[in-house]
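Q: Okay, handing you the structure first.
The values are calculated or read from the model by the stated rules, or taken from the named source; none is laboratory data. The structure presented is a predicted model; accordingly, all values stated were derived computationally and were not measured. With ideal geometry, Cβ positions are generated from the backbone for all residues, glycine too; neighbour counts draw on all protein chains shown.
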Amino acid sequence: MHSRKTIIHLATLFWLMFLAGWNDGSTGPLLPRIQEVYDVNYLIVSLIFIFACVGFISGAIVNVPLSWRLGFGKVVVIGSVLQQIAYAIQSPALPFPAFVMSFTINGIGLAVQDAQANGYTASMRDNTETRMGMLHAAYGVGALCAPLVATQFSTIPRWSFYYFCSLGVATINTIVLSVVFRFRTQDECLAEMENDGLESKSASVTDSEKGTVDTPNPTQITQSENPSNTEREVQSHRTSLFEILSNKYVNILAFFIFVYVGVEVTIGGWIVTYIIDVRGGGTGSGYIATGYWAGLTLGRVLLLPVNKMVGEQRVMFLYLGISIVLVLLIWLVPSLILSGVLISIIGFLIGPCYPITMNAAGRVIPKNMLTGSIGWIAGFGQAGSAVFPFITGAIGERWGIVRLMPLLLAMMIVTMILWALVPGPGRMSRRLEQREESRSDSEQPQISEVIRGSPEDPEPKDPVEHGIQENVRSN
């Protein structure tokens, strides 16, 4: 059972991720209208994604040093305020250069918040897998709601007023983050949450049990029985960005998320244009993006039992493999209805991939660098949501948006190759056992020498007596 503080902290992070999903789900339905209003082609409108990429990369880089100097509570609020500034610039539909530059500000804020939310959730002690899945389901809910609203605004003259809605969501986010976490560090927030849980457990002891059982003080429990304190001291070690980038599993997972998020957002950002231009869809095609994000949200929740039953390492190949087949069907079968249905199914299948990756990070990355590493993986991965949509726009301008499906097919194959490089639980446990065995083997001779002495001299000798014996032998 979750404590009150745990529920409040999780709900706050869910709202943060709702805003992230809202942001990513907005672009697709508005993209055709942005092209129309500013009279730009696929390549020029794709500059939105390039400027966002600059923001995502910048956010991923500054996240680690900002976390050291300011702490979790201040950094997430700064990120949310940056998003407010960006939406305030976008709302009046300023000239195109100013409009696209605001996406850099937005990217920095989003990358920092995304990194902090993932790192915070991964550092929680209990039910990490389920909480990570729910966290990213909240992202899906935001991405699901955004197209419903954005599609309506895309058909009216004041289309840019949609960003006033985004500004309202970001303002609520800033207020809630400030009130709940109160600008404190991650360690302080986690300790408060866990202490509240311990107090709730001690308060639930019945009167009859109190008569026979000595109920420990929550503070004593925290000091003696809560192993997470020691773990958190290890995690709070200030790992440099260089140390993080030197870990090969951090790099593998970062590039996996980079490509995966690219797939996720490329579909959400360009599928409406693809349906209109290639499949002959109407202005209501924006709702296909809604179906896609709905599938992604439901997949992150409903497939949790499947993930546990099959195993997260194996089930990833299953989801990606089926998705590749469905992309082939959309590409080869020219049907508007079939394309809309299959896009939703693809969203359902690839939805769990992000939280599964974060769970894998907690398994293969050392505890002392976990929070910083997950922050880098999440922040770097957000750059994929800008790079690949831009590449799609450039390809669409040269050869037509019909090339979207082959591009998605290639990207999904790359994700499968990268995932094959991530060790599963079995491989990691064997490696740990081998390390422990080699460590114990290297320590055993030293221990034997201390206890028994050297093999040639099994019993310790008195130095004086040994010297006398040597003199007698020489004489």
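Q: Checking VAL40 against (1) surrounded by fewer than 18 Cβ atoms within 10 Å (Cβ to Cβ); (2) in a helix (DSSP H, G or I), which single condition isn't satisfied?
A: (2)
Q: Tell me, which helices (runs of 4 or more DSSP H) wholly within the stretch 243-313 include 2 or more residues that are of a type outside the set (S, T, N, Q), out of contact with any helix residue (DSSP H, G or I) (no Cβ under 8 Å at 6 or more places or on another chain) and modelled with pLDDT of 95 or more? Steps first, answer last, please.
A: Values: elements: 248-277, 286-302, 304-310.
Output list is empty.
Q: Please specify each residue of the stretch 181-203 satisfying the condition of being over 22 Å from LYS74 (Cβ atoms) and either surrounded by fewer than 16 Cβ atoms within 10 Å (Cβ to Cβ) or at pLDDT 75 or above (or both).
A: Scanning the stretch 181-203 gives LYS201, SER202, ALA203.
Q: Considering only the stretch 276-291, how many residues are surrounded by 23 or more Cβ atoms within 10 Å (Cβ to Cβ) and not hydroxyl-bearing (Ser, Thr, Tyr)?
A: Residues meeting the conditions: 3.
Q: Filtering the stretch 153-168 down to residues that are closer than 23 Å to TRP15 by Cβ and either among the small types (Gly, Ala, Ser) or modelled with pLDDT under 90 (or both), which residue is surrounded by the fewest Cβ atoms within 10 Å (Cβ to Cβ)?
A: At the first step, the residues of the stretch 153-168 found to be closer than 23 Å to TRP15 by Cβ are 153, 161-168.
Still in the list and also either among the small types (Gly, Ala, Ser) or modelled with pLDDT under 90 (or both): 166, 168.
Details: SER166: 24, GLY168: 12.
Checking each candidate, the answer is GLY168.
Q: May I ask you to say which residue of TRP22, TRP68 is hydrophobic (A, V, I, L, M, F, W, C), part of a helix (DSSP H, G or I) and surrounded by 24 or more Cβ atoms within 10 Å (Cβ to Cβ)?
A: Answer to the selection: TRP22.
Q: Checking the condition in contact with a Lys or Arg (Cβ under 8 Å, 6 or more places away or on another chain) and either touching a residue at least 40 places away in the same chain (Cβ under 8 Å) or in a helix (DSSP H, G or I) (or both), which residue from GLY133, GLY119 passes?
A: Only one candidate passes the filter, namely GLY133.
Q: Follow-up. Evaluate the stretch 121-142: report whether one residue or more is over 24 Å from SER3 (Cα atoms) and at pLDDT below 90.
A: Yes: the stretch 121-142 contains one or more residues that are over 24 Å from SER3 (Cα atoms) and at pLDDT below 90.
Q: Also, quick follow-up: Select from the stretch 308-333 the residues that are more than 11 Å from CYS353 (Cβ to Cβ) and either touching an Asp or Glu at 6+ places or on another chain (Cβ under 9 Å) or aromatic (Phe, Trp, Tyr) (or both) and list them in ascending order.
A: Correct list: LYS308, TRP331.
Q: Which one of these does THR357 not meet: (1) surrounded by fewer than 24 Cβ atoms within 10 Å (Cβ to Cβ); (2) in contact (Cβ under 8 Å) with a residue 24 or more places away in the chain?
A: Status for THR357: all satisfied but (1).
Q: What residue, among those in the stretch 91-107 that are part of a helix (DSSP H, G or I) and without any contact (Cβ under 8 Å) to a residue 12 or more places away in the chain, is farthest from LEU167 (Cα to Cα)? Break it down into steps so the answer makes sense when it comes.
A: So in the stretch 91-107, the residues part of a helix (DSSP H, G or I) come out as 96-107.
Going one step further and asking which of them are without any contact (Cβ under 8 Å) to a residue 12 or more places away in the chain, we end up with 97-98.
On the way: PRO97: 20, ALA98: 17 Å.
For the stretch 91-107, the residue satisfying everything is PRO97.
So that you can scan it fast, the table gives a plain yes or no per residue for (1) assigned to a helix (DSSP H, G or I); (2) surrounded by 21 or more Cβ atoms within 10 Å (Cβ to Cβ); (3) among the charged types (D, E, K, R); (4) touching a residue at least 40 places away in the same chain (Cβ under 8 Å):
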site	(1), (2), (3), (4)
GLY28	yes, yes, no, yes
VAL54	yes, no, no, yes
SER58	yes, no, no, yes
VAL64	yes, yes, no, yes
VAL76	yes, yes, no, yes
ILE89	yes, no, no, no
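Q: ARG314 - would you say it is buried (at least 21 other Cβ atoms within 10 Å of the Cβ) and among the basic types (Lys, Arg)?
A: Working: buried (at least 21 other Cβ atoms within 10 Å of the Cβ): no; among the basic types (Lys, Arg): yes.
In short, no.
Q: Given the structure, is SER385 more than 23 Å from the chain's Cα centre (by Cα) and modelled with pLDDT under 85?
A: Working: more than 23 Å from the chain's Cα centre (by Cα): no; modelled with pLDDT under 85: yes.
No.
Q: List the pairs whose first member sits in the stretch 397-411 and is charged (D, E, K, R), whose second member is surrounded by 14 or more Cβ atoms within 10 Å (Cβ to Cβ), and whose Cβ atoms are under 7 Å apart, counting only residues at least 6 apart or on separate chains?
A: GLU397/TYR42; GLU397/LEU43; ARG403/ILE395; ARG403/GLY396
Q: Out of ILE322, ILE337, ILE365, ILE346, report the one residue that is surrounded by 24 or more Cβ atoms within 10 Å (Cβ to Cβ), aliphatic (A, V, I, L, M) and either out of contact with any strand residue (DSSP E or B) (no Cβ under 7 Å at 6 or more places or on another chain) or in contact (Cβ under 8 Å) with a residue 24 or more places away in the chain (or both).
A: ILE346
Q: For residues that are of a type outside the set (Phe, Trp, Tyr) and touching an Asp or Glu at 6+ places or on another chain (Cβ under 6 Å), scanning just the stretch 29-56, find the one that is nearest to PHE103 (Cα to Cα).
A: Filtering the stretch 29-56 down to residues of a type outside the set (Phe, Trp, Tyr) leaves 29-37, 39-41, 43-48, 50, 52-55.
Still in the running and touching an Asp or Glu at 6+ places or on another chain (Cβ under 6 Å): 41, 43.
Numbers: ASN41: 18, LEU43: 16 Å.
Residue satisfying both the conditions and the ranking: LEU43.
Q: Condition first: modelled with pLDDT of 90 or more and under 18 Å from the mean Cα position of the chain (by Cα). Can you find one or more residues in the stretch 337-346 that meet it?
A: For the stretch 337-346, residues modelled with pLDDT of 90 or more and under 18 Å from the mean Cα position of the chain (by Cα): absent.
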